[in-house]
Structures are given as structure tokens and as C-alpha cells.
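The values are calculated or read from the model by the stated rules, or taken from the named source; none is laboratory data. Small disclaimer: the values here were computed from a predicted structure and weren't measured. Here the Cβ is made from the backbone with ideal geometry for all residues, glycine too, and neighbour counts use every protein chain on show.
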Amino acid sequence: MPKDGGTPPTGLDLSECEAEPIHLLGHIQPHGYLLALDADATRITHVSANIAGFLGQPPEAVLGKSLPDVLEAPVAQRLVDLIRGIGTRAGPTAATAVCPPGSSEPCAVTVHRHAGRLFVEVERLPAEETAPTVPALTAVPDSLAEMGDDVLHRLADRAVRAVAEETGYDRVMIYMFHPDWSGEVIAEMRRPEMVPYLGLRYPATDIPSQARQLFTLNLLRVIADVDARPVSIVAEPGTAEDAQAPDLSLSGLRSVSPYHLEYMRNMGVAASLTASIIIDGELWGMVACHHRRPRLTPPAQRAAVMRRVGDLVAHVKAQEQMEAVRRARAVDFAMGRLDRRLSEGQDPVSALLMGDQRLVEDLEAQGAMVAADGAMALVGRCPSGPVIARVLEMAARTDGPVFMTDALSAEIGAVGDGEGPNADEPVVGVSGDIAGCAVLVMSRAPLVAIAAFREPESRNVFWAGDPNKPAIREEGKERISPRNSFAAWRERVEDRSRPWERWCADLLTRAGTAVGRHVGADNPAEALGNAVRGLAMRFKDARTVPGGTLDAAGQGVLLTLRQSGHRARVVATNQTFLDLFDLEPGTIEGESLHTVAARIGLPDDLRRKVLSGPQTFDCWSRSLGRRALETVARNMLAVRDNGSVVEWDVFTFRDVTAFHRTAEALAAARDEAVTASRQKSEFLANVSHELKTPLNAIIGFSELIQSGRVGPTSDRVTDYARIIGEAGHHLLTMINDLLDLSRAEAGRQIIEDEPVNLTTLARDCLSWMRSQPRGDAVTWTPGGVPDGPLWVRGDSRALRRVLLNLLGNALKFTPDGGTVGLVVGHMGDGSVFLEARDTGIGIPADEVESIFQPFRRGKGANVSAREGAGLGLAMTKAMVDLHGGRITVESTVGTGSTFRVLLPRDRVLRSGSDPINPAQPA
Ligand code: ADP
């Protein structure tokens, strides 16, 4: 399994892609032509083979000539002016003008100087440069907006929205590169029927390094048509120029590597525009625009994209600067606090580790340590002894004062593996619980170090396609090919911590300097080692335990100590603790925790129990009666010195008797309410059941009369019988719905847990709806249901009902000529959505809440004119709830409604054709 941040392993040699000289492919895209001139711009040295199509002259008539020789005078003059304009500057300077050189079509002309040559590129423009009309683009889905609800995501979101509006591309995304060059889609606008890519990660190999390098030189890249035949560039035969293809690094028309073209085709993209986002000279990310049909993009739109990129860069930089200032302030503040503690006479180890707002909190870590002279003090969650030894060893060998990693197990190998806590190890942290460390080495021999530790942050990375197989080798093909599935592929990352930022190193270094200054240069190892031992001494005796250790407003506090190989014993308590248990001062200090627990009526394995999580115990107090006490314990400190380990735990006891009583009363009330509601549902179920029997008789007899089997009847009677039958059927449906609803509400509806292919189900429901009366009165938007399967765990009958209800309503509430559609797809977080959209009458804002309740129908005349009992949505919601899903609605009166059902990702079995491993816990 690849590490997040590492390059995924592949069975293939991807250096093949990296080695492709994409700037020397010697071809251009055919929607324009290219002339290369020598450095003085006097002689045309290269020309694209399609020149005749533009200038009416074959390449050999153009090569070796000057611009005025081959172009009409005014056009040539224009070009000469442009060239003069860019002067002798090399590098990515281009001037753009719209003029029609040698052609009546509108063209864009770009001139640049590169590698000792001048390049003139003339591109055909789209016939009309009109502002694109952008019908309904889908913005960030809500749940993702929530997920990435920070400034960067909002800025990126604004940028894609603007680019989509200004250019009209089908999909506009912003990728942000991670340190391993994988790219994550952080913002996206797309046509509603397209599968969202938001939140997906693309492996680094998708944009090989030489392509990334070109993106830093040439900031804008337009591919007009993936299926266009590239045009070769020719030079005068036999000349020096003929020997080598010109360097097209900065060319806009440069043709595209066949690998990349295939990649685009596999993604269903026919044309693209990519703009580099460069921050402080580094490729930070890209704006990527995709279109499903070939597309020429006029200069005005390209300029608009670049303007948006410029805005984004400015904002991101400002944001980063603000963040840096904020961090610097916080570091200054923390250092001020440390200095103050030291100058007030606190020993340096306490000043760094003990109490609130010390190293652990300042570094946003979970544990910290000071190690000196063979002794070490540890607080919070820290790795086990052997892991610490290995970490210190590595840190001492590393150049520079601070050693930081967010992937400890990858760095130190197997040391930590398989180690659990044992009797001699402090429980302060357990190996495997720590994934990151930042270690400041103050001195190497003897070793003095200050360190902080972070726990792993488990999270999902959603890759666009299996990152283990970014490319494939197809039978009979010489080259490797890009993968052909981009369906979301989940990777669970469990062994990394939040990465350490530069300010962390800063803070550690400055803390080290402050402490170093305080202990003096003589023998810092000895001074700090003594401070660790002094700290241990103080915490061993109730009389010297530092003030503050036993403070906790209104709560009982118990401090215990445990030495390797011995049982925990009580060091000290506060008065509240004594009061809670009717104890006299001085009667339990020094006793084993085991004995004390037995004496005050707590379990004798109190320590083990409470260290694994908060517990509530019932106790009896002579003065207070029966009490409920919530008990929390934390490892406060561990000290290791020459093989011996001592650790201190602090237990706090909170009297929660009052809460308990209230909670018990509430629970009783709730039980009563539940019983009442269940009785109501049962009553409904019984009544419905009783109604069904006579109703079936009514329907049966009306059918008998209609069939003529009871003897001849007049037309009128037959017609009445039909009406009775229809009304009966209607009533039966309603009763069935009620029965189901009451079952669901009473919690008696059991849903199946079978694999359901949502795309097949969706297509079935769509075709059923279209065959219904009025099915052809509306237009059904195509393409909302993906081609491949989409498997979920669920109840196919219930899900069918959900879809039919939503589509039925959409059809019912949309007047003739309107549009109805169903969209099924994945959210970036792996959950699945089903959306029924219509352009119907819409729902007033004050009705949106109530429509999911039984028998609530819209109040407007246009609702009452349509048939219905107001049970459909209540039923739909109950079914969705039973699946653990959610249903939401967005609606505007007169414009239309969108009902969205979200099924949680733990119901998703497979994504596209690539399995999202169902064995992986979500
Ligand atoms: P019914 O359709 O039988 O009235 P539902 O429970 O299915 O009952 O819907 C409740 C109400 O929600 C409807 O009466 C209507 O006011 C509103 N509603 C549901 N779907 C739509 C829709 N697609 N467009 C407009 N209004 C709708």
C-alpha cells in the first residue's frame, strides 16, 4: 500500500514517461502554423508542414526566406514590430495580437524568443469570439464544501467558478500539488451530468517531471483537439537546422505527447486548457479546464484565465503571509512564557513540560520529552523506550539541529513493531500510537534533546483510479498506456501524523536556546539531567508535590506513582477527594492504590480500567449517601533513569449524581414517549390491516362486474364499477403506504442488505417513468446515470420506491414541456448521491420542512390540482433513513426542485469498475 506522500509503487517502469522529450517532439497541433527564424529574424529556418493551408505556399517556398518575402507587406510589418517589441529577451516573453496574416480568418499571433531562435505562431481562432453561455454548472456539493471550509478552498472555489463562467469549459478544476507531486482537486465546477472529481488525488506520474518543468516555463497550455493529427516541422534539407528538432518549450502550439493524449481520451476529454499556478517560483498547482468536444480558445479567454490565476496567487500568498505572521506571534508568545517561568525560578524541565500551555500544547503535539545525561522526563503520549532510543539515535546522526518526521514507522523501520506495553514500560504512549516526532538535539555527546510527538491522523485519500496502477502495459503495444479508469479509489492512511511545519522547528530551536542560556554552557547535560531527577524526587512525596498538581475546581484529585515492577501507590490527594470518600488527611498516602480502592469501594483494577477511558462508578459516602462519580485518569509524567522507570498518574473524580438523576428521569420520559408512539404506530398498522380486507372485496367485486361475469350490465353500471375499482385501488395504495410507514416508524421495517447496482436500478426507474402517462410530456435530461455499475448495500425494493417516488413527483409537478432528470454519482468522499431534478413548480421556502411529514401537501392551488395523498415523501424519507442516508431538497418556486438522496460511503461496495475494498473499514 503506498504511503500518503510517497510515490505509489507500480509494476511498470514509468521512467519511460519521464524520459519522453516532450519539448522536442518536432510537431505542432494543426489549428495553427509555426515559423522559426534565426536570432536576427532575417531567415526562416523552420516551418510547419501545414503552411500551405494558411499562406498558400509550400514549405520549400518559405524556408530560407525573410518575413517580408513570404507575407503581405502590412502583415510582415506587423510581425517585425512585434519582434522588435520583445527585443532580445529570451525566456517566456510572448506578445499577442489579433491580426489576419496571410489569411482572412481571425488569428492570434504569438512571438517568443527561445534557445537562440525566434518563434512566430499563428493560431486559428473560433469563428466568433462571443461570451460563452454557461448553462447550469454544478458547484461544490454541500458536504464537501463543509469538509474544505477554509479560506484556500473558498478562494479556489471562487476562481473555478469565474473561469467556468468566462470560458465555458465543461469542467474547470484546480489541482494543488502535495510535496510528493500528487495533485489534489481542491475546487471544481462541472456540468451536472459529469462525475465529480473534487477531492480526488492524481498520482505524481500523471504529470511527469519534465511536463511539470515545462509548466513552470510556459504558463498556459491549450490542447484544441485530442484527435487532431499533429503537423511536423520541417527545415531546409541538409542544413544544420535539419539535424535537430527545434526546442518548442515555450510554444503554444506544441503537439502533445501520445501518452498524454491517450490519458485525456481515457478521461473522456477532447480539449483542454491548463494554466500553471506558480507561487514564489514553484509550481503550486494548476487550473485545468476540460471540454468534451474539440475547442479553440480565444486569447481574451486565455487572458481571463491568467487574470484569475494571478488573483488566486495574490490571495494565497497573502493568506500564507498572514498565517506566517500569526504563527510567528504565537511562537513569540510561547517563548515569552517560557522565559518568564525560567526567570521566576522554575526548573527548566518543569518549565518545558509540566502544567498547561507547555511544549505539548505549543507544538500542537500529544507528547513531549526532555532527555539528558541518561535520564528523561516524558509527558503525554510518547513512544515506547526502544522507539525513543532509536529516534534519539537517528536525530543525533541527522545534520542540523532539528529532526522532524511525520512517518516515524517508515523512518525507523521495525523497531516499534509488535511492541505492546509491558510491566516495565511506562504506559505513557505505546508504540504504534505515535507517528510523528520533532527532536531538537542540543548536544550530541553527551546527548541532550527536547522532543515532541504527534499521534497518527488516520484519514482517507481518494485517488482518481488505482494509484498502484497509474499506467498499464497493453498486449502488443510498445509504449505503456495510461490507466483507463479514474473512478475513486480509497486509500486509508493510518501511519502518519499531521506534518510538522517550519514554525515547529523554530519554536523548538528557540526553546532550546532559552533553556541553554538558563542552564549555562558548562555542562548542560548534567544540569538538565539533574533537573529531571529533581522533578522525580519532588513528585514522590506529598509534602514536595508542586502546588497546582492537585488543583481541579470542585473535583477530587488523586496522584499515584508506579515504579517498574511495583504496584501503583498513592502519593497525594486534595481535600475534595478526602471529602468525597469520608477520609481523614494523611491516612492513605503511601498505601497501594489497590488497597485504597478496596477501602473506598472502587474496583481494585481501577488504574487499568480508567486509563482506558473515563468511567462512572457508584459509591457510598457516609455523609453524602449514594453518589455517582465520573473518573478520569491521565498519565502525568514518566521519568526514566538508568533503566528504572517511574510514572505518575493523576485521577480526577467528579460528582455527577445530579446529572445522573436528570438523565434517568429523561430516559424514563423518553421510554414513555417511545412506547406511546409505538402504540400509535401499532394501532395504525392494525387499522390499516383491518381496512384492507373489506377493500379487497370492494375491488374484487367491481372487477367482477366490469368483466361481465356476473351477467350483462349497462354501460353506465360498468363505468361506475370502473370508478369504484379505481378509487379502491387508490385507497389500497394509500393504506399500503400507511402500513409501511407505520412499520418503519415503529422500527419494525427490516430492510434487506443485498448488493444493489444503482445505475441499473436508476435506468430501470427512468424507463418505467417515461412509459407512464405524461411520461413524454417532459424532456428527460440524458447522461445523468454513469455507464458503469455502482454497487451499494441496500434494499432494492426500498431504493426503487425512493427513486420512483422522487421521479414521480418530479414528473407530476412539472408542467408540459419542462425538464426532468436523474443524476447518480459519487461524492469526493466516497458516498453516493441520487438526484431527481425538475424544472417544475417548485416549493415555497416555508413548506420545505413539512413536506417530509405524512399527509402534508403543498398549499398552493397548483398542488391540490394534482393527485396525491402526501405520503410519498414521508415514505421516501423513512426508506432513506433506514439506509442510514439523508435526503435534502433545494427548490425555487417557478424554477424547479432538486431532491438529493445521499447514501453513506459504508454502503458503497464498489466504485466504477475498480473495487473500493469493502474489507477496509470506512
Ligand atoms: P404528494 O405528492 O402525494 O402530494 P409527497 O409526500 O410526495 O405527496 O409530497 C408532498 C408535497 O411536497 C407535495 O404535495 C408537493 O407540495 C411537494 N413536492 C414534492 N415533490 C415536489 C416537486 N418535485 N416539485 C414541487 N413540489 C413537490
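Residues that are under 24 Å from LEU550 (Cβ atoms) and not acidic (Asp, Glu) within the stretch 641-657 comprise VAL645, VAL646, TRP648, VAL650, PHE651, THR652, PHE653, ARG654, VAL656, THR657, listed in sequence order. Contact annotation: residue pairs with Cβ atoms under 6 Å, 6 or more positions apart or on different chains, pairing a residue in the stretch 861-882 that is hydroxyl-bearing (Ser, Thr, Tyr) with a partner that is more than 7 Å from the ligand (Cβ to nearest atom), are THR876/VAL802. Residues of the stretch 553-576 that are at negative phi and part of a loop (DSSP other than H, G, I, E, B): ALA553, GLN555, SER564, HIS566, ARG567, ALA568, ASN574.
Of all the numbered requirements in (1) more than 27 Å from the chain's Cα centre (by Cα); (2) closer than 24 Å to GLU166 by Cβ; (3) not in a helix (DSSP H, G or I), LEU248 misses one, and that requirement is (2). Taking the stretch 202-245 as the range and being of a type in the set (A, V, I, L, M, F, W, C), part of a loop (DSSP other than H, G, I, E, B) and closer than 21 Å to PRO30 by Cα as the test, the residues that pass are LEU219, ALA224, VAL226, ALA228, ALA245.
As a summary of the residue check, ILE751 satisfies the conditions (1) free of Cβ contacts under 8 Å to residues at least 40 places away in the same chain; (2) in a loop (DSSP other than H, G, I, E, B); (3) among the hydrophobic types (A, V, I, L, M, F, W, C) except for the one numbered (1). ASP332 passes all but one of (1) touching a residue at least 40 places away in the same chain (Cβ under 8 Å); (2) part of a helix (DSSP H, G or I); which number fails? Of everything listed in (1) touching a residue at least 40 places away in the same chain (Cβ under 8 Å); (2) part of a helix (DSSP H, G or I), ASP332 misses just condition (1). Considering the conditions (1) outside any strand (DSSP E or B); (2) touching a residue at least 60 places away in the same chain (Cβ under 8 Å); (3) within 10 Å of the ligand (Cβ to nearest atom), THR898 is excluded by exactly one of them, (1). Among residues of the stretch 251-277 being touching a helix residue (DSSP H, G or I) at 6+ places or on another chain (Cβ under 6 Å) and of a type outside the set (Ser, Thr, Tyr), the one that is farthest from LEU34 (Cα to Cα) is ILE277.
For the stretch 884-893, state whether one or more residues are more than 27 Å from ASP795 (Cβ to Cβ) and more than 8 Å from the ligand (Cβ to nearest atom). Within the stretch 884-893, one or more residues are more than 27 Å from ASP795 (Cβ to Cβ) and more than 8 Å from the ligand (Cβ to nearest atom).
None of ASP332, ASP339 is modelled with pLDDT of 90 or more and surrounded by fewer than 14 Cβ atoms within 10 Å (Cβ to Cβ) except ASP332.
Of all the residues in the stretch 771-823, those that are of a type in the set (D, E, K, R), part of a helix (DSSP H, G or I) and either within 13 Å of the ligand (Cβ to nearest atom) or at pLDDT 90 or above (or both) number 3. In this structure, PRO8 does not qualify as at pLDDT 90 or above and not in a helix (DSSP H, G or I). When ARG654, ARG661, ARG627, ARG670 are checked against the criterion of being over 25 Å from GLY380 (Cα atoms) and surrounded by 16 or more Cβ atoms within 10 Å (Cβ to Cβ), a single residue qualifies: ARG627.
Condition (residue is within 19 Å of PHE453 (Cβ to Cβ), part of a helix (DSSP H, G or I), under 33 Å from the mean Cα position of the chain (by Cα) and β-branched (Val, Ile, Thr)) applied to the stretch 360-373: is it met by at least one residue? Yes, some residue in the stretch 360-373 is within 19 Å of PHE453 (Cβ to Cβ), part of a helix (DSSP H, G or I), under 33 Å from the mean Cα position of the chain (by Cα) and β-branched (Val, Ile, Thr).
Residue count for the stretch 21-75, restricted to those that are under 50 Å from the mean Cα position of the chain (by Cα), surrounded by 20 or more Cβ atoms within 10 Å (Cβ to Cβ) and free of Cβ contacts under 8 Å to residues at least 40 places away in the same chain: 1. With respect to the conditions (1) within 38 Å of the chain's Cα centre (by Cα); (2) within 30 Å of LEU528 (Cα to Cα); (3) surrounded by 20 or more Cβ atoms within 10 Å (Cβ to Cβ), VAL610 lacks only one, and its number is (2). Every condition in (1) at pLDDT 85 or above; (2) in a loop (DSSP other than H, G, I, E, B); (3) not hydroxyl-bearing (Ser, Thr, Tyr) holds for PRO192 except the one numbered (1).
ALA744 falls short of the stated requirement of being closer than 30 Å to TRP489 by Cα, in a helix (DSSP H, G or I), touching a residue at least 24 places away in the same chain (Cβ under 8 Å) and hydrophobic (A, V, I, L, M, F, W, C). Scanning the stretch 841-883 for residues that are of a type in the set (Val, Ile, Thr) and more than 8 Å from the ligand (Cβ to nearest atom) returns VAL848, VAL880. Is there a residue being surrounded by fewer than 19 Cβ atoms within 10 Å (Cβ to Cβ) and closer than 29 Å to VAL313 by Cβ anywhere in the stretch 223-246? No - not one qualifying residue is present in the stretch 223-246. Among all residues of the stretch 764-781, there is at least one that is in contact with an Asp or Glu (Cβ under 9 Å, 6 or more places away or on another chain), over 24 Å from ARG857 (Cβ atoms) and charged (D, E, K, R).
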